[in-house]
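**Q** Supplied in structure tokens, the structure appears directly below.
The values are calculated or read from the model by the stated rules, or taken from the named source; none is laboratory data. Small disclaimer: the values here were computed from a predicted structure and weren't measured. Note that each Cβ is placed from the backbone with ideal geometry, even for glycine, and that neighbours are counted across all protein chains shown.
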Amino acid sequence: MSLPTMTPEQREQALRAAAAARQERAAALGELRHGKVTLAAVLADQDSPLQRAKVRQVLRALPGVGDVTADKVLAEVGIDSRRRVAGLGRNQRAALAERFAA
């Protein structure tokens, strides 16, 4: 199956949309990093731009959480490092929210 052929205008529009999504995700990660938003709020908000981010990336944005801690928590909860936030189950979300409750 081949990819659909896009006109230059469609390609430009898709590139702009992708860049806007990346900027929105980066801003949301910054809010999480600075404590303006909690992990529980991110996990509960189905419209959050971080729903498309990888769980490991979101955990690393938390203050005081680095690579080692993020990997340890993912292993404890049983989440694959490639999983995205939107793909988490109810129990996984609850375990993460409980683990990082303030």
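**Q** Scan region 1-30 and report the pairs whose first residue is closer than 16 Å to Q51 by Cβ and whose second residue is among the hydroxyl-bearing types (S, T, Y) and modelled with pLDDT under 95, with Cβ atoms within less than 8 Å and a gap of 6+ or a chain change.
**A** What qualifies is A28/S48.
**Q** Look at region 35-49 and say how many of its residues are more than 18 Å from A101 (Cβ to Cβ) and either part of a helix (DSSP H, G or I) or at pLDDT 95 or above (or both).
**A** Residues meeting the conditions: 1.
**Q** Okay, next question. List the number of the failed condition for L74; all other conditions in (1) assigned to a loop (DSSP other than H, G, I, E, B); (2) on the phi < 0 side of the Ramachandran plot hold.
**A** (1)
**Q** Report, by residue number, each residue of region 77-102 that is in a helix (DSSP H, G or I) and either touching a residue at least 24 places away in the same chain (Cβ under 8 Å) or exposed (fewer than 11 other Cβ atoms within 10 Å of the Cβ) (or both).
**A** Start the filter on region 77-102 by keeping residues that are in a helix (DSSP H, G or I), which leaves 77, 85-87, 90-99.
Listed by number, the residues that qualify are V85, A86, R90, N91, R93, L96, A97, E98, R99.
**Q** On to the next question. Can you name the residue in region 1-23 that is of a type outside the set (S, T, N, Q) and outside any helix (DSSP H, G or I) and, of all such residues, is surrounded by the most Cβ atoms within 10 Å (Cβ to Cβ)?
**A** Taking region 1-23 first, the residues of a type outside the set (S, T, N, Q) are 1, 3-4, 6, 8-9, 11-12, 14-22.
Okay, now just the ones that are also outside any helix (DSSP H, G or I), so 1, 3-4, 6.
Working: M1: 3, L3: 5, P4: 6, M6: 11.
For region 1-23, the residue satisfying everything is M6.
**Q** Assess whether R56 counts as being modelled with pLDDT of 95 or more, in a helix (DSSP H, G or I), touching a Leu at 6+ places or on another chain (Cβ under 8 Å) and not hydrophobic (A, V, I, L, M, F, W, C). Talk me through it step by step, then tell me what you get.
**A** Working: modelled with pLDDT of 95 or more: yes; in a helix (DSSP H, G or I): yes; touching a Leu at 6+ places or on another chain (Cβ under 8 Å): yes; not hydrophobic (A, V, I, L, M, F, W, C): yes.
Considered against the rule, which asks whether it is modelled with pLDDT of 95 or more, in a helix (DSSP H, G or I), touching a Leu at 6+ places or on another chain (Cβ under 8 Å) and not hydrophobic (A, V, I, L, M, F, W, C), R56 comes out as yes.
**Q** Can you give me the number of residues within region 50-74 that are surrounded by 15 or more Cβ atoms within 10 Å (Cβ to Cβ) and among the hydroxyl-bearing types (S, T, Y)?
**A** Residues meeting the conditions: 0.
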